[in-house]
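J.: Once you've had a glance at the structure underneath, I'll fire off some questions.
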Amino acid sequence: MKVAVIGGGPAGLMAAEAAISKGASVDVYDAMPSVGRKFLLAGKGGLNLTHSEATEKFLTRYGSARPHIQPLLTKFEPNELRGWARGLGIETFVGTSGRVFPSDLKSAPLLRAWLRRLRQGGVTLHVRHRWSGWDEKGALRFSTPQGDRLATADAMVLALGGGSWPQLGSNGAWMALLAERGVSIQPLKPANCGFDVNWSQHLRTRFAGHPVKPVVVSGRTSAGTEFRQQGELMITETGIEGGVIYGVSACLRDEIQAKGVATLRLDLSPDREQSRIISDLARPRGSRSMASHLKRCVGIQGVKACLLREYVSKQEFSDPAKLGAAIKALPIQLLAPRPLEEAISTAGGVAFEALDPQLMIRSLPGVFCAGEMLDWEAPTGGYLLTACFASGRVAGTAAVNWLEGIQNA
């Protein structure tokens with residue numbers, strides 16, 4: 001039984017591991033000079049493998065895709081993922097946020113140990129092989145530095161990623177190849193992304209690159225539900241980004257799509273009640289400047305003070321009640337999500353309706369899909385990687401089961 005895995009990211013490598021463990025011969029093909037490049041980038045600031053929160057809350061992170069992702073996670077849930085890493089000699093720990101990291105925070109040692117085990121198990125890696133579809137006889141076509149190459153397989157797992165960070169190999173070119181075969185595909189959209197804001201030149205030049213923390217962001221989705229999340233965001237030359245923005249980016253993106261713009265409200269002083277802020281601001285400031293008064297009474301200075309100046313009129317600044325209300329709910333108008341190639345991940349891809357429960361494309365027997373190329377999304381925090389690993393495990397196992405079923409029929 002020969003299985004081809006196309007894509008050498010977490011989902012593809014996990015599919016290869018699952019298939020080789022069931023006795024298949026496995027070839028992994030990747031377009032880049034080495035595998036796991038986005039995985040390595042994800043670990044640059046500390047590899048967030050998964051999350052330790054309770055199962056029910058964990059599953060809510062997948063939104064409308066939960067019915068499709070939940071069955072996959074039952075086959076490879078977060079604790080199993082930690083045990084898998086331990087089997088590679090990589091211990092993990094739970095951070096204060098509940099996120100799970102390797103003990104050294106790095107992705108490279110885990111990837112090296114994993115690749116070593118895969119090679120020892122018989123997996124063959126083919127780099128600089130960009131998949132370009134099938135030939136007229138059904139053989140797999142690859143573009144390589146040495147020219148076009150054909151390869152055959154009894155079953156295949158596609159784990160080609162979405163469209164974010166195309167310089168690392170995932171450029172979404174596979175969409176046209178599958179669409180030509182009649183596979184239902186949803187357009188790719190940026191997920192875990194920043195947003196454009198029409199900043200003044202002063203704010204843009206003075207505070208681009210400055211963090212805003214602590215801050216609570218809140219708003220209303222296009223469906224009318226409320227969201228509220230605390231964290232940290234970053235001012236950029238074009239708008240805003242950062243962890244707290246990524247966590248609600250799906251809501252904001254969909255609201256912009258529905259209404260043309262989205263309004264995000266910032267609580268610049270989340271630890272103080274509005275009534276206390278108003279009372280403190282109403283104190284006589286004497287000869288102190290308004291900037292000094294804000295800093296002394298509310299602790300607002302720097303980028304937070306500039307944000308207030310950006311949206312609050314001089315008249316409102318002199319009114320403690322209006323200024324206090326703005327500090328607790330400063331409305332920021334978001335114009336557009338940042339481009340797809342800048343996003344951490346993407347939504348859209350192969351529709352689950354085009355797949356059977358084992359992730360095989362119904363119209364292409366023997367072709368399975370896994371990872372980010374499926375139509376789902378999740379916030380950062382370990383949820384993306386966990387589902388990629390789980391879907392790879394399911395697809396790789398199912399590919400061999402399907403071949404065994406044919407043999408035994």
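J.: Among the residues of segment 52-71 satisfying the criterion of being in a loop (DSSP other than H, G, I, E, B) and either of a type outside the set (D, E, K, R) or modelled with pLDDT of 95 or more (or both), which is nearest to Q167 (Cα to Cα)?
T.: Taking segment 52-71 and keeping what is in a loop (DSSP other than H, G, I, E, B), we get 52-54, 61-62.
Applying the additional criterion that residues be either of a type outside the set (D, E, K, R) or modelled with pLDDT of 95 or more (or both) yields 52-54, 62.
On the way: S52: 31, E53: 33, A54: 35, Y62: 26 Å.
Once the filter is applied, the top-ranked residue is Y62.
J.: Further, regarding this structure: Can you find a residue that is in contact with a strand residue (DSSP E or B) (Cβ under 8 Å, 6 or more places away or on another chain), touching a residue at least 60 places away in the same chain (Cβ under 8 Å) and aromatic (F, W, Y) anywhere in segment 47-70?
T.: Checking segment 47-70: at least one residue is in contact with a strand residue (DSSP E or B) (Cβ under 8 Å, 6 or more places away or on another chain), touching a residue at least 60 places away in the same chain (Cβ under 8 Å) and aromatic (F, W, Y).
J.: For segment 261-271, enumerate the residues that are assigned to a loop (DSSP other than H, G, I, E, B) and crowded, with 18+ Cβ neighbours inside 10 Å. Quick ask: steps written out before the conclusion?
T.: Looking only at segment 261-271, we keep the residues that are assigned to a loop (DSSP other than H, G, I, E, B), and these are 261, 268-271.
Correct list: L268, S269.
J.: From the list A291, A250, pick out the single residue that is of a type in the set (A, V, I, L, M, F, W, C) and either modelled with pLDDT of 95 or more or under 30 Å from P190 (Cα atoms) (or both).
T.: Working: A291 fails: either modelled with pLDDT of 95 or more or under 30 Å from P190 (Cα atoms) (or both).
On inspection, the qualifying residue turns out to be A250.
J.: Please note which strands (runs of 3 or more DSSP E) are completely contained in segment 90-159 and include at least 2 residues that are surrounded by fewer than 17 Cβ atoms within 10 Å (Cβ to Cβ).
T.: Values: elements: 92-94, 99-102, 124-126, 130-134, 140-144, 147-151, 155-158.
The strands (runs of 3 or more DSSP E) meeting that bar are 92-94, 130-134, 140-144, 147-151.
J.: If the requirement is being surrounded by fewer than 21 Cβ atoms within 10 Å (Cβ to Cβ), under 20 Å from the mean Cα position of the chain (by Cα) and assigned to a strand (DSSP E or B), which of these qualifies: Q186, Q167?
T.: Q186
J.: Looking only at residues that are of a type in the set (A, V, I, L, M) and closer than 13 Å to A262 by Cα in segment 189-239, which one is surrounded by the fewest Cβ atoms within 10 Å (Cβ to Cβ)? Don't jump to the end; show me each part of the working.
T.: So in segment 189-239, the residues of a type in the set (A, V, I, L, M) come out as 191, 197, 203, 208, 212, 215-217, 223, 233-235.
Filter once more, keeping what is closer than 13 Å to A262 by Cα: 197, 217, 223.
On the way: V197: 19, V217: 24, A223: 9.
Taking the candidates together, the pick is A223.
J.: Considering A54, A85, which residue is over 30 Å from F227 (Cβ atoms), in the same structural domain as T380 (by TED's automatic domain parsing) and not hydroxyl-bearing (S, T, Y)? Spell out the reasoning first.
T.: Details: A54 fails: over 30 Å from F227 (Cβ atoms).
Matching residue, one of A54, A85: A85.
J.: Determine which single condition K38 fails, assuming it passes every other condition in (1) farther than 17 Å from C388 by Cβ; (2) under 17 Å from the mean Cα position of the chain (by Cα); (3) assigned to a helix (DSSP H, G or I).
T.: Going through (1) farther than 17 Å from C388 by Cβ; (2) under 17 Å from the mean Cα position of the chain (by Cα); (3) assigned to a helix (DSSP H, G or I) one by one, K38 breaks only (1).
J.: For R283, are the conditions met, namely being surrounded by 15 or more Cβ atoms within 10 Å (Cβ to Cβ) and among the basic types (K, R)?
T.: Values: surrounded by 15 or more Cβ atoms within 10 Å (Cβ to Cβ): no; among the basic types (K, R): yes.
When the stated conditions are applied, R283 does not pass them.
J.: Working only within segment 380-396, note down all residues that are buried (at least 22 other Cβ atoms within 10 Å of the Cβ) and under 18 Å from the mean Cα position of the chain (by Cα). Show your work before the answer.
T.: Of segment 380-396, the ones buried (at least 22 other Cβ atoms within 10 Å of the Cβ) are 381-396.
Hits for segment 380-396 are G381, G382, Y383, L384, L385, T386, A387, C388, F389, A390, S391, G392.
J.: Next question. Select the strands (runs of 3 or more DSSP E) contained entirely in segment 190-260, then report the ones holding at least 3 residues which are under 19 Å from R61 (Cβ atoms). If you could, list the steps in order and put the result at the bottom.
T.: On the way: elements: 211-220, 226-235, 239-241.
Per the criteria, 211-220, 226-235.
J.: Continuing with this model, one more query. Which residue is nearest to the chain's Cα centre (by Cα), if the candidates are limited to segment 320-352 and must be assigned to a strand (DSSP E or B) and of a type in the set (A, V, I, L, M)? Steps first, please.
T.: First, pick out the residues of segment 320-352 that are assigned to a strand (DSSP E or B): 330-334, 336-337, 345-350.
From what's left, of a type in the set (A, V, I, L, M): 330, 332, 334, 336, 347, 350.
Values: L330: 27, I332: 23, L334: 20, A336: 18, A347: 9, V350: 16 Å.
Step by step, filter segment 320-352, then rank; the result is A347.
J.: Kindly indicate which of L266, L323, L252, L233 is out of contact with any Gly (no Cβ under 9 Å at 6 or more places or on another chain), under 30 Å from T346 (Cα atoms) and not polar (S, T, N, Q). Lay out the reasoning, then the answer.
T.: Working: L323 fails: under 30 Å from T346 (Cα atoms); L252 fails: out of contact with any Gly (no Cβ under 9 Å at 6 or more places or on another chain); L233 fails: out of contact with any Gly (no Cβ under 9 Å at 6 or more places or on another chain).
It is L266.
J.: Could I ask something else about it? Out of everything in segment 314-352 that is in contact with a Cys (Cβ under 6 Å, 6 or more places away or on another chain) and of a type outside the set (A, V, I, L, M, F, W, C), what residue ends up being surrounded by the most Cβ atoms within 10 Å (Cβ to Cβ)? Give the steps one after another, and end with the answer.
T.: Step one: of segment 314-352, the residues in contact with a Cys (Cβ under 6 Å, 6 or more places away or on another chain) are 337-338, 343, 350.
From what's left, of a type outside the set (A, V, I, L, M, F, W, C): 337-338.
Working: P337: 24, R338: 18.
This residue is P337.
The rows are residues; the columns are (1) modelled with pLDDT under 95; (2) aliphatic (A, V, I, L, M); (3) closer than 22 Å to A395 by Cβ.
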{"site": "S21", "(1), (2), (3)": "no, no, yes"}
{"site": "T50", "(1), (2), (3)": "no, no, yes"}
{"site": "L73", "(1), (2), (3)": "no, yes, yes"}
{"site": "W84", "(1), (2), (3)": "no, no, yes"}
{"site": "G89", "(1), (2), (3)": "no, no, no"}
{"site": "T96", "(1), (2), (3)": "yes, no, no"}
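J.: Then there is this: Is it the case that segment 51-63 has a residue that's more than 29 Å from D254 (Cβ to Cβ) and surrounded by fewer than 16 Cβ atoms within 10 Å (Cβ to Cβ)? Walk me through how you get there before you give the answer.
T.: Of the residues in segment 51-63, the ones more than 29 Å from D254 (Cβ to Cβ) are none.
No, because not a single residue in segment 51-63 is more than 29 Å from D254 (Cβ to Cβ) and surrounded by fewer than 16 Cβ atoms within 10 Å (Cβ to Cβ).
J.: Which of the residues belonging to segment 371-404 are part of a helix (DSSP H, G or I) and either outside the structural domain of P67 (by TED's automatic domain parsing) or of a type in the set (F, W, Y) (or both)?
T.: We begin by selecting, within segment 371-404, every residue part of a helix (DSSP H, G or I); these are 371-373, 383-404.
The answer is Y383, F389, W402.
J.: Then there is this: Can you pull out the residues in segment 276-319 that are of a type in the set (G, A, S) and either in a helix (DSSP H, G or I) or not assigned by TED's automatic domain parsing to the domain that holds H210 (or both)?
T.: Of the residues in segment 276-319, the ones of a type in the set (G, A, S) are 279, 282, 286-287, 289, 291-292, 299, 302, 305, 313, 318.
Passing the criteria: S279, A291, S292, G302, A305.
J.: Could you check, for segment 353-367, whether at least one of its residues is modelled with pLDDT under 95, loosely packed, with under 15 Cβ neighbours inside 10 Å, out of contact with any strand residue (DSSP E or B) (no Cβ under 7 Å at 6 or more places or on another chain) and assigned to a helix (DSSP H, G or I)? Steps first, answer last, please.
T.: So in segment 353-367, the residues modelled with pLDDT under 95 come out as none.
Within segment 353-367, none of the residues are modelled with pLDDT under 95, loosely packed, with under 15 Cβ neighbours inside 10 Å, out of contact with any strand residue (DSSP E or B) (no Cβ under 7 Å at 6 or more places or on another chain) and assigned to a helix (DSSP H, G or I).
The values are calculated or read from the model by the stated rules, or taken from the named source; none is laboratory data. None of these values were measured; they are calculated from a predicted model. Heads up, the Cβs are rebuilt from the backbone with ideal geometry, glycines too, and the neighbour counts pull from every protein chain shown.
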